[in-house]
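The values are calculated or read from the model by the stated rules, or taken from the named source; none is laboratory data. Worth saying up front: this structure is predicted, and the values here are computed from it rather than measured. Virtual Cβ from ideal backbone geometry, glycine too; neighbours counted across all protein chains shown. To get the accessible areas, we keep the full protein, side chains included, count just its heavy atoms, and leave off ligands, DNA and RNA. Shrake-Rupley method; radii C 1.70, N 1.55, O 1.52, S 1.80 Å.
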Amino acid sequence: MNTLLDPQTFDQKLRELTGEAPLVRPFLCEGSPFECEIFLVGINPGKSSGFWPHWNALRGCDKRGWLQDYLAEHGRYSPTRERIERLFKALGPLRCLETNIYTFPSRRESDLDAAHRDTRVFDFLLKTIRPRLLVVHGNSAVQHLARLTKSDLSRGQFTAVSYCGVAFDVFAGHHLSYQW
């Protein structure tokens, strides 16, 4: 485990930061987020689907169950969701966590209410889980991470950075919905 917090304290802080709002999606992974060494970071979820029914502090996240509910609710994967699932499948046995700088869903970033443009959950995940690699897609996500790490993140290449005393690599790219 590569985190600074035990699972119960992590859960408590996560619930505090999100207010347990039914539409938020702080992250997705299969099992414990503490074992994820790779973060895939976007701007915000494109569609709403409940996170909390698929989260348990001790067992972690049930991404398979979440995906089943997503398909039942939306009928099919969005183009971005298809690319995310394809990327995670290609990464195979590597433990990956999908997250966004903003936790509230909207079809487009411009549709996201100003009150929901809060990065505290993402910043908390980065500080506590301490991944080795971040694959960041979308201008706002790349810009936020550049500000946090005080780094120039060039698209299409790996950049070594640090945040809160933890070193990791960042691969910055265009949004997964296009130019990939």
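What whole-number value in Å² describes the accessible area per residue of the chain for a 1.4 Å probe?
51 Å²
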Discussion item. Using the Karplus curve 6.51 cos²θ - 1.76 cosθ + 1.60 with θ = phi - 60°, what ³J(HN,Hα) values do you get for each residue of segment 68-73, in whole Hz, with x for Gly and Pro?
Written reply: 4, 5, 4, 5, 5, 7
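Would you work out the charge dipole size for the chain about its Cα centre, treating the Cβ of every Lys and Arg as +1 and the Cβ of every Asp and Glu as -1, and quote it to the nearest 20 debye?
Numbers: 23 positive and 20 negative charges, 68 e Å.
Value, rounded to 20: 320 debye.
Mind checking the full-extension length gain between S154 and A167? Use 0.36 nm per residue of separation minus the Cα-Cα distance, one decimal, nm. Spell out each step's value before the answer.
Working: separation 13, 0.36 × 13 = 4.68 nm, distance 1.74 nm.
2.9 nm is the gain from fully extending S154 to A167.
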Item to complete: Find how much the distance from D11 to R147 grows on full extension, using 0.36 nm per residue of separation minus their present alpha carbon separation; answer in nm with one decimal.
Response: 46.3 nm
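Ratio of alpha-carbon Rg to the 2.2 N^0.38 Å globular estimate for segment 112-180, to two decimals, please. Kindly include the intermediate steps, with their values, before the conclusion.
Working: Rg = 12.1 Å, N = 69, 2.2 N^0.38 = 11.0 Å.
Relative to the rule-of-thumb radius for its length, segment 112-180 sits at 1.10.
If you average the sequence gap of Cα pairs under 8 Å that are 6 or more apart and divide by the length of segment 1-139, what percent do you get for the contact order? Provide the component values of the computation, followed by the final result.
On the way: 216 pairs, mean separation 54.9, N = 139.
Once divided by the residue count of segment 1-139, the mean separation gives 39 percent.
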Response to the item:
For Y77, other-chain or 5+-apart residues with amide H closer than 5 Å (H placed, Pro excluded) are none
Practice prompt. Please build a GNM for the chain, connecting alpha carbons under 10 Å apart, and tell me which residue among D113, D11, D69 fluctuates the most.
Written response: D113
Practice prompt. In nm, give the distance between the simple-model label positions of R120 and R86, each being 7 Å from the Cα along the Cα-to-Cβ direction.
Written response: 3.7 nm
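Carbon and sulfur together cover what percent of the accessible area of segment 29-175 at a 1.4 Å probe radius?
Details: 3480 of 7210 Å².
Whole-percent figure for carbon plus sulfur exposure: 48.
Per DSSP helix of 4 or more residues, -39500 (n - 2.57); summed, then divided by the residues of the chain. What does that give at 222 nm, rounded to the nearest 500? Numbers along the way, then the final one.
Values: 5 runs with 58 residues, N = 180.
For the chain, the value works out to -10000 deg cm²/dmol.
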Worksheet item: For segment 26-54, list residues with backbone N below 17 Å from a point placed 7 Å from the Cα of N139 toward its Cβ?
Response: 42-44
Worksheet item: For segment 89-124 and segment 10-78, what is the separation of their C-alpha centers, rounded to whole Å?
Response: 10 Å
Response to the item:
What one gets for the chain as the Kirkwood radius, inverse of mean 1/r over different Cα pairs in Å, is 16.4 Å
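Beyond a 23 Å Cα-Cα separation, which of these cross-linked pairs lie in this structure: K13/K150; K13/K127; K47/K89; K127/K150? Let's see the in-between values first.
On the way: K13/K150 26 Å; K13/K127 12 Å; K47/K89 21 Å; K127/K150 15 Å.
Where the Cα-Cα span goes over 23 Å, the pairs concerned are K13/K150.
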Response to the item:
A convex hull over the alpha carbons of segment 27-107 yields, per residue, a volume in Å³ of 91 Å³
